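Report on the following structure.
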Amino acid sequence: MIVTKGLRKSFRPRRGAATVDAVRGIDLDVAEGRIYGLLGPNGAGKTTTLRMLATLLPPDGGAATVAGADLRTDPGEVRRRIGYVAQGGGTTDHATAREELVLQARMHGIRKAEALRRAEQGLAAFDLTEFGDRPCRTYSGGQRRRLDLALGVVHRPKVLFLDEPTVGLDPRSRAQVWTEVRRLRDQGMTVLITTHYLDEADALCDRIGIVDHGGIVTEGTPEQLKQQISGDAVTIGLTDAGATARAAHVLAELPCVRRLEALPEEDGLRLHVDSADTAIPQLLRALAAAGLEPDHVQLQRPSLDDVFLALTGRSPVHS
Amino acid sequence: MKLARDTWLVYQRQLLLMARSPAWLAVGLLQPLCYLLLFAPLLTSALAASGAHSTADAYRIYVPGLLSALAVMGGLFTGFTLLGELHAGIIERSRVTPVSRVALLLGRALRETTALLVQSLLIAVLAIPFGLTVGFTDLLLAMALLALMALMASSVSYGLALLVPTDAALGPVVNTIAQPLALLSGTLLPIALAPAWLRTAASWNPCYWGVEGMRALFAGHLDAPEVWRGLLLTGLMTVLAVAWAARLFARRIR
């Protein structure tokens, strides 16, 4: 649905200053009906990438196809097929949500009667009916964000671009935005979001591309990315020191165990495995065969924080 | 067809917003009314050389200049509204739709033109009790001429706002352009009173011909050459200004 090849953009911050390569060759391939996240710190080139794909910035080089239309030769067709929600939204303070929705639909060439219907549906779908006829300046951050989303999809685009969709929202509004975005994906829409929140990328995206210094450092599902770094950790508690020693002996033989540490203070073992999902049954089977019964089994998955730190050498929010 | 539809769409929205915060009308009327009440009476004697023998005569010379200045100044400062919309992301939201780029510009410039016409009509009507006399056809043509001037000035202002996209920088630029433009078009006093070199300089001012046409219309000389010359030249300048701004708008904003 979105394919890019070597997409590039540089800026000259001031006249006479050296150019800054904001995006230096991004390759993307986003499948239909997926949520794809561009994850990276501020200034990594996420927004520039999104703005190029949304026809707002002409790329300096590379090629892209968005929803089947060529970005460079046919930006008009791309515009017809996409929705775009900027980081700061873009609603008029003195207009109501209904008026904004009707105008947005009309700007997409939809006739008046149909635009009115779409506005009504949009208000209902994004839980805004109650405020639909109040001016936007009276909205809370969450309501405004839901209106931005409703505006982005009022013409039923194939692809939706969301730039940092939950910045500045309280946890409840944030969860609500996630729910809405998942709902759009489940209706078949392809969503490309940028975020610098690891938990957002983890919870919301089907695939993630980690962006740093204008390029994609690595790419995959959240699970794959986490495995790529450290795998899972499984802690097994046993009844006493003797049992722990015997368990260590048995488990170290298993091929799925990459590394084993003893935790002598709590009569336990920490095992590093590629995937806990498949390893835990094997571990338990091996223990049972040796006549050992674990006290408890605890699973620790690595967070995307660990992934990001390992790949870029810093944490995404505080960089 | 699409251009007309899209322009109407943008224009309608702009009118709605204008009607929702009507403070602009009061603010827009206050200053011209002060000029009308506190400055124009001074002119009776000052304009004696141009054939003004009464307050009514002075108004006939002064009011068309005042209205022209209003149209040009009001138009030139409307770029700030566009900057506000650019910063709020409203223009960007429109840009990601297939809406006509020229319509985004024209719909806004026409809003400004409408606002200035409403103000001008009110001022003209308010000047009648003070002795202004103007025929209906003359007034109609004068309004057409004003509309062209306002459209021209707004387009130029939008173009400038795209070239100089910060409030702090746009202000001085607009002021620098507006002052000689106003002085050299004879909005305060007729250029006919000026020395020859000043009159030559004025004839190169795109607003000068409009102001001359306005004066002829308010003097009741419907068939004077200044009228058609003013309409023609101002019309031409307006087309050029709109084309320039639209090109800039389309290029900056793709």
**Report entry** Over chain B: helical MRE at 222 nm, DSSP H runs n ≥ 4 each giving -39500 (n - 2.57), nearest 500
**Finding:** -25000 deg cm²/dmol
Report task. Give me the angle, in degrees from 0 to 90, between the Cα long axis of helix B:167-183 and the longest principal axis of the Cα atoms of chain B, rounded to the nearest 10. Result -> 30 degrees
Query raised in the report: Let a ≥ b ≥ c be the square roots of the eigenvalues of the Cα gyration tensor of the protein assembly as shown; is it rounded (a/c under 1.5), or, if not, prolate (a/b larger than b/c) or oblate?
Result: prolate
Requested in this report: Mind checking segment B:174-254 for chymotrypsin sites (Phe, Trp or Tyr not before Pro) that DSSP puts in a loop (not H, G, I, E or B) and that have at most 13 other Cβ atoms within 10 Å?
Outcome: B:Trp204
Report task. Set the Förster distance to 41 Å, then compute FRET efficiency between A:Trp178 and A:Thr19 from the Cβ-Cβ distance, nearest 0.05. Result -> 0.65
Query raised in the report: For segment A:2-226, what is the percent of antiparallel DSSP beta bridges, rounded to the nearest 5?
Result: 55 percent
Query raised in the report: Which angle from 0 to 90°, rounded to the nearest 10, does the C-alpha axis of helix B:208-218 make with the longest principal axis of chain B?
Result: 60 degrees
**Report entry** Amide hydrogen neighbours beyond the local backbone of A:Thr218, cut-off 5 Å, H modeled
**Finding:** A:Ile210
Query raised in the report: Under the classification rounded if a/c is under 1.5, otherwise prolate if a/b is larger than b/c and oblate if not, where does chain A fall, given a ≥ b ≥ c as square roots of the Cα gyration tensor eigenvalues?
Result: prolate
Query raised in the report: How large is the dipole of segment B:81-223 about the Cα centre if only Lys and Arg carry +1 and Asp and Glu carry -1, each at its Cβ, rounded to the nearest 20 debye?
Result: 220 debye
Query raised in the report: Taking only DSSP H segments of four or more residues, each worth -39500 (n - 2.57), what value at 222 nm results for chain A once the sum is divided by all its residues, to the nearest 500 deg cm²/dmol?
Result: -11000 deg cm²/dmol
**Report entry** Exposure proxy order (Cβ contacts within 10 Å, fewest to most) of B:Leu217, A:Leu128
**Finding:** A:Leu128, B:Leu217
**Report entry** Rounded to the nearest 20 debye, dipole of segment A:201-319 from Cβ charges on Lys, Arg, Asp, Glu
**Finding:** 260 debye
Report task. Nearest 5 is fine: what % of DSSP beta bridges in the protein assembly as shown come out antiparallel, could you say? Result -> 70 percent
Query raised in the report: What stretch of chain A, leaving out the sites themselves, is the longest with no trypsin sites (Lys or Arg not before Pro) in a DSSP loop having at most 10 other Cβ atoms within 10 Å?
Result: A:112-319
Report summary line: Of the listed links A:Lys9/B:Lys2; A:Lys46/A:Lys226; A:Lys46/B:Lys2; A:Lys5/A:Lys112; A:Lys5/B:Lys2; A:Lys46/A:Lys158, those spanning more than 30 angstrom between alpha carbons are A:Lys9/B:Lys2; A:Lys46/B:Lys2; A:Lys5/A:Lys112; A:Lys5/B:Lys2
**Report entry** Relative contact order for chain A, counting Cα pairs under 8 Å that sit 6 or more residues apart, in percent
**Finding:** 20 percent
**Report entry** Whether chain B is rounded, prolate or oblate, judged on the alpha carbon gyration tensor where a/c under 1.5 counts as rounded
**Finding:** prolate
Report summary line: Nearest 10, in degrees from 0 to 90: the angle of helix B:101-127 to the longest Cα principal axis of chain B is 30 degrees
Query - Dipole of chain B [Lys/Arg +1, Asp/Glu -1 at C-beta], most positive-end residue of B:Ala56, B:Ala69, B:Pro195 - result: B:Ala69
Query raised in the report: Most fluctuating residue of B:Leu236, B:Leu145, B:Leu105 in a GNM of chain B with Cα springs under 10 Å: which is it?
Result: B:Leu236
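We did not get these values from a lab; they are worked out from the coordinates using the rules stated. Since the structure is predicted, the reported quantities are computational estimates derived from the model, not experimental observations. Because the Cβ atoms are built from the backbone with ideal geometry, glycine has one as well, and the counts that use them run over all protein chains shown.
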